[in-house]
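A.B. asks: Encoded as structure tokens, here's the structure I'll be asking about.
The values are calculated or read from the model by the stated rules, or taken from the named source; none is laboratory data. Nothing here was measured: the structure is a model prediction, and the numbers come from that model. Neighbour counts are summed over all protein chains in view; Cβ atoms, including those assigned to glycine, are modelled from backbone coordinates with ideal geometry.
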Amino acid sequence: MIPGPSGPPRRIRVTAPRTAARATGASFPVAREMAEQSEVGQLFVESLIRSQLRLALVVAGGFLVILIGIPVLLAVFPDINGVTILTVPIPWLLLGLGIYPLVIGCAVLYVRSASRNERHFQDLVDDD
Amino acid sequence: MTDAFHNGALQLSPAVGYTALVLVALSTVLIGIYGLRISRTTGDFYVASRTVRPWWNASAIGGEYLSAASFLGVAGLILISGVDALWFPIGYTAGYLMLLLFVAAPLRRSGAYTIPDFAQARLDSLLVRRVTSMLVVVVGWLYIVPQLHGAALTVRITTGLPSWVGPLAVVVVVCLSVVTGGMRSITFVQAFQYWLKLTALAVPVAFILFRLGADGRPITAGGSAFTADLNTTAEASLYGTISLVIALLFGTLGLPHVLVRFYTNPDGASARRTTLIVLGLLSVFYLFPTVYGILGRIHTPELAAEGSADATVLLLPGRIFDGMTGDVLSALVTAGAFAAFLSTTSGLVVSLAGVVSQEFFQGSVAGFRRAALLSALIPLVIALLTDSLALAGSVGSVFAFTASTICPLLLLGIWWRGLTDAGAIAGMLAGAVLCGGAIAVTALIGPGTGDDRVWLGQPALWTVPTAFITMVVVSRATAGRKPASASRVLARLHTPEPR
């Protein structure tokens, strides 16, 4: 089955796993691959991975500290359970409402910084 | 708990139930058929040709993810355990934050379709692929069973039909839509079902709050909604809470039906955007089951003692409104519940069928269809033979299991070039044996009273680190088996697509 250069999208036969995993690499330009396999390219890639991992760990760590901090705080100061706003106790407000803006805030922060790291990497590779 | 549903007080009028169920089933099949007409290639069939837009994709992920545990279970658990239950929706949502941070973009860039594909491409080993496939199939089956239990409960309450009708109906509709349409049409169906589920909870709550306000009835009964002593479960210990949160946070990123959705994004950046939208959609959704749970603590407290707390969402509108309004609102929540079972089950069946068909049927479309049937029928048999536990709880154990098996494989595979095939297998097996063992023992001897057995009931806090440590230690010991392609694969996972 040889595909024509134009016309309707050709039928793609999804094949057994071993070949399928390899075939997807074709979309990766050779020049770029070469750049990344060079010694300098390797360094760029490694520093990108390190900065992305650091970013993810910092955001996750900050979030987890706040999250786990809530039950610890409630266990240490049980009096907080008695405080209410419009009859709703503080723990219910924190856990039922307060956490969600925090989750979304962390996510937005991460997506911005991760994209910035990638743009930085792309500038380096393209200049090279 | 079965008997509670056969007395009249706990039943809605059957006509309401039938109408809701038939409408959801029909619209699902119709959207599936519409999707089929634009589903032309095998690529469409498996991954919707990777061209689904972030908003569609995010709605579809939300639709697929919000299962019986979210729609019925969260409110039920709030009814019986109060504030402790709020950790479930937090964990279900924040799991996507972890997925965004560690997995979303790299996994999309790996170009693999299933988790076993990823494992094989990363570690260059067929055995790793086999082990991962088996774990994925076990996770999928364990996750479908509670969905079918939820369907049994809903159909019983809303129509009075025997319990086996619900699971059977779900499996038939799922098989019809999956077998005909594949991934492309399923994307439309799932996206529709997120918005259906949201509407089905939001509209009745708006009516209920308005009515209570208009009648001058205090909504939280002066705060007694929060302090009322309905709890049938032991108060959660600090250990139990943290262990549950770990399970939910790290379990989400190993769920097969969640991950398969990320391959339908065009590139890594859009995978991130999609996840961000999902977080917003989930945050909005979970406000509503919480409100149902709180209202239930005043208006349907007897459900706690009867052990049928999971029915709170279904019965609450009928308690506040009589006649026509009550019927319409009840029909709406019933439709939403049914959509929840359908969408999660079909998402799981699609992803399991992907794994099973590549493993045993050479990945053809015919093989995919046969695999889909197989993936749906086995949990059906299990569901019919077992009895339902609290929905949110039984889904929680599945999260602990994925967090102890597939999560370490993904995290270390994506971020650590030292991972070897031997290390991956040892870690996954250690996690599977320990966590699976703890869940099985708990199921056999029943949940412990108080703190003495909480370490068995909520095993994630020790099984997840054990799996990680085993994976690292064995990988270090077998460093010679590190695949030669590790650096290249890692570079591919983390470098952005060319502009």
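A.B. asks: In the set B:L281, B:L276, which member is aliphatic (A, V, I, L, M), assigned to a helix (DSSP H, G or I) and more than 10 Å from every other protein chain (Cβ to nearest Cβ)?
C.D. replies: Values: B:L276 fails: more than 10 Å from every other protein chain (Cβ to nearest Cβ).
Within the list B:L281, B:L276, the selection yields B:L281.
A.B. asks: Could you check how many residues of the stretch B:85-117 are β-branched (V, I, T) and more than 10 Å from chain A (Cβ to nearest Cβ)? Please lay out each step first, then the result.
C.D. replies: Initial filter on the stretch B:85-117 (β-branched (V, I, T)): B:90, B:93, B:103, B:114-115.
From what is left, the residues that are more than 10 Å from chain A (Cβ to nearest Cβ) are B:115.
The total comes to 1.
A.B. asks: Here is a check on your reading of the model: is B:I219 modelled with pLDDT of 80 or more and either in a loop (DSSP other than H, G, I, E, B) or within 18 Å of B:V258 (Cα to Cα) (or both)? Before the answer, list the steps.
C.D. replies: Numbers: modelled with pLDDT of 80 or more: no; either in a loop (DSSP other than H, G, I, E, B) or within 18 Å of B:V258 (Cα to Cα) (or both): yes.
No; evaluated as a whole, the condition is false for this residue.
A.B. asks: Please find, among B:P106, B:P116, B:P54, B:P89, the residue that is of a type outside the set (D, E, K, R), more than 18 Å from the chain's Cα centre (by Cα) and within 27 Å of B:F285 (Cα to Cα).
C.D. replies: Values: B:P106 fails: within 27 Å of B:F285 (Cα to Cα); B:P116 fails: within 27 Å of B:F285 (Cα to Cα); B:P89 fails: more than 18 Å from the chain's Cα centre (by Cα).
After ruling out the rest, the residue left standing is B:P54.
A.B. asks: Has the stretch B:249-258 got any residue that is at pLDDT 90 or above and of a type in the set (A, V, I, L, M, F, W, C)?
C.D. replies: Yes: one or more hits.
A.B. asks: Can I ask one more? List, please: which pairs have Cβ atoms under 7 Å, are six or more places apart or on different chains, and start with a residue in the stretch B:80-107 that is modelled with pLDDT under 90 and end with one that is among the hydrophobic types (A, V, I, L, M, F, W, C) and not in a helix (DSSP H, G or I)?
C.D. replies: Every condition considered, the pairs that remain are B:I80/B:L230; B:D84/B:A236.
A.B. asks: On to the next question. Kindly indicate the residue of the stretch A:107-118 that is over 11 Å from the mean Cα position of the chain (by Cα) and surrounded by 17 or more Cβ atoms within 10 Å (Cβ to Cβ) and also nearest to the other protein chains (Cβ to nearest Cβ) among those meeting that condition. Don't jump to the end; show me each part of the working.
C.D. replies: Here is the first cut: in the stretch A:107-118, the ones over 11 Å from the mean Cα position of the chain (by Cα) are A:116-118.
Within this subset, residues satisfying the condition of being surrounded by 17 or more Cβ atoms within 10 Å (Cβ to Cβ) are A:117-118.
Numbers: A:N117: 9, A:E118: 4 Å.
Looking at the filtered set, the residue picked out is A:E118.
A.B. asks: Run A:L55 past the list (1) more than 22 Å from A:R112 (Cα to Cα); (2) in contact (Cβ under 8 Å) with a residue 40 or more places away in the chain and report the number of the one that doesn't hold.
C.D. replies: (1)
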